[in-house]
Amino acid sequence: MATLPSTIPARLEMRNISIAFAGFQALERVDFTLEGGSIHALIGANGAGKSTLMAILSGTHNHYQGEILIDGEPVTIHSPRQAKQLGIHLVQQEVDIALVPTLTVGENIMLDRLAEGGQLCHWPQIHRQAGALLAQLQADIDIHQRIDRCTLAEKQQILLARALSHRCRFLILDEPTAPLDQHESERLFAVTRRLRAEGIGVVFISHRIHELAATCDRLTVLRDGRRVSDGPMDGLSSGQIIEKMLGHPLDAIFPPPRPAGSGETLLQVEGLHDDALLRDISLTLRKGEILGLAGLAGAGKTELCKALFGASPARINRGQLLGKPWKPTAPHASVRQGLALIPEERRKEGIFIHEAIPMNLSVSADNTFSRWGWFNAGQARRWAQQVVDRLGVRAAGLDQKLQRLSGGNQQKVAIGKWLRGHADVLIFDEPTKGVDIKAKQDLFVLIDGLARQGKGIIYASGEFSELLGLCDRICVMWDGRIVAQVDAHATDEETLLLYSTGGTLP
């Protein structure tokens, strides 16, 4: 594969970029300029067109209008291969799309070289090169391990290592810190600063507003497919950035405090453990309560969520659900018993990405859409329209495939599919990952509303501010165990971080 030197900073320009999908105008005459040796933030609400613009730049969409220039010379980008030959590399948000699960870590990092063909592979050298790239990221990952055994955070680092395997001139990072904890994010920022010093231009897409001001040099804001702001980052506050993104000031992001619940126990778990990570997990969830699960990446939050839903094998000493003896067995049994899971990897586990909205919203519903073995598609569409209106799902129409929806709207559909059934306990695993600030606010209102209806909510997140703003109690996880349980209204982020790193209060 042809690669280009990155010693001399280059200038990339996108002029008057427009693109439509099935009649929906996703981008309209957008200009974007990226200077080599800079970190450029690209932000906007979900559906604003950020990922679409970068997909054009990385060769995913070839039916766009407008032109792309590098150092003033027009270039043709109609495929990912052409983009890479020009030194443009994308590390995308949905990591599983870009990885081959049956290959090893090292093979995935060096995948582009392996795909070239026409040459013999020297496997020891391939793995040495992959190991050296991971070492640049200070990532401790076994290069001989299969991808399907890696965590989400590890997969993100593997994709970044693949991008570094090329001498790229322009690097696009789409929500790169979404699966990372604070320590891993800081390590990524150090890498991006080093790349900037080497003359590489970095596009940084993130909904974590506080990261942008500390990391980026310039800021471009998209809204409804148009560029609405472009300029230096220096001097902008988080509030100003949010206002540019939304077009108006953001009201208080968290709902007002809920009245105290009845105290009735919905779910009780004693002594849950598995063969890999979880050890002696005990917790109680009450009616109308939002119970937080705090922890850094790898602490066991996702493993616990899946174990409670029966999606991964686990054993339990004693369990009770809705006043009856209970133990997790399988997802289909959990649904019948009144449990629901909104998983962390929504595209892989929470939705059917290539199906339309009504199918996704009706797949977990009770049997009210069926009669005598016949599925009532009209009734399902009417229900889907009600959910779309209620949750504010932005789509061109009900028949739009979920792959064309933004991350926040996909998440709303992943939640909405449970609103038809009789779930009393809803488990949310990192529900705001890759979701913009306004969509977060919508999700908080929705989750708060479910608690006010008497539902029990388990909310797992590494975003400690969200846990403090939304939850009643918080269980902190470290190394597969619950190491502390605190009142959310009487603690702070520093205390949660202390417990989540294995520390204890003096």
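Computed from the coordinates by the stated procedures, all read-outs in this text should not be read as laboratory data. None of the values given here were measured: they were computed from a predicted structure. Quick reminder, even Gly has a Cβ in these numbers, built from the backbone with ideal geometry, and neighbours come from all protein chains shown.
Within the straight-line cut-off of under 13 Å between alpha carbons, the aspartates and glutamates reachable from residue 433 are 94, 174, 175, 181, 344, 345, 463, 466, sequence neighbours fewer than 8 places apart in one chain being disregarded.
Note on residue 97/residue 265: beta-carbon distance plugged into 1/(1 + (r/R0)^6) with R0 of 41 Å gives a FRET efficiency of 0.50. Dividing the alpha-carbon radius of gyration of the chain by the rule-of-thumb value 2.2 N^0.38 Å gives 0.99.
Ordering of 32-41, 313-322 by packing is 32-41, 313-322, highest average first (other Cβ atoms within 10 Å, averaged per residue). Dividing the mean sequence gap of close Cα pairs (under 8 Å, 6+ apart) by how many residues the chain holds gives a relative contact order of 16 percent. Computed from phi, the 3J(HN,Hα) profile of the range 227-232 under the Karplus parametrisation 6.51, -1.76, 1.60 (θ = phi - 60°) reads 7, 10, 7, 7, x, x Hz, with x in place of Gly and Pro. Backbone geometry of the range 475-483 corresponds, through the Karplus equation with coefficients 6.51, -1.76 and 1.60 at θ = phi - 60°, to 3J(HN,Hα) couplings of 9, 9, 9, 8, 6, x, 10, 8, 9 Hz, x marking Gly and Pro. All other residues whose Cβ lies under 13 angstrom from that of residue 140 are scored, Lys and Arg at +1 and Asp and Glu at -1, for a net of -2.
Computed over the range 98-165, relative contact order equals 49 percent, with contacts defined as Cα pairs under 8 Å that lie 6+ residues apart. Between the helical axis of 182-197 and the longest alpha-carbon principal axis of the chain there is an angle of about 10 degrees.
By a straight-distance test (C-alpha under 27 Å), which lysines pair with residue 440 as possible cross-link partners, with residues fewer than eight away in the same chain excluded? Result set, ordered by chain and number: 50, 155, 244, 287, 301, 306, 348, 401, 412, 417, 455.
Under 5 Å from the amide H of residue 292 lie the amide H atoms of 459, 472, 473, 474, 475, each residue being 5 or more positions distant or on a separate chain, with H modelled from the backbone and absent for Pro and chain starts. Net charge in the neighbourhood of residue 347 (other residues with Cβ under 10 Å of its Cβ; Lys, Arg +1, Asp, Glu -1) is -2.
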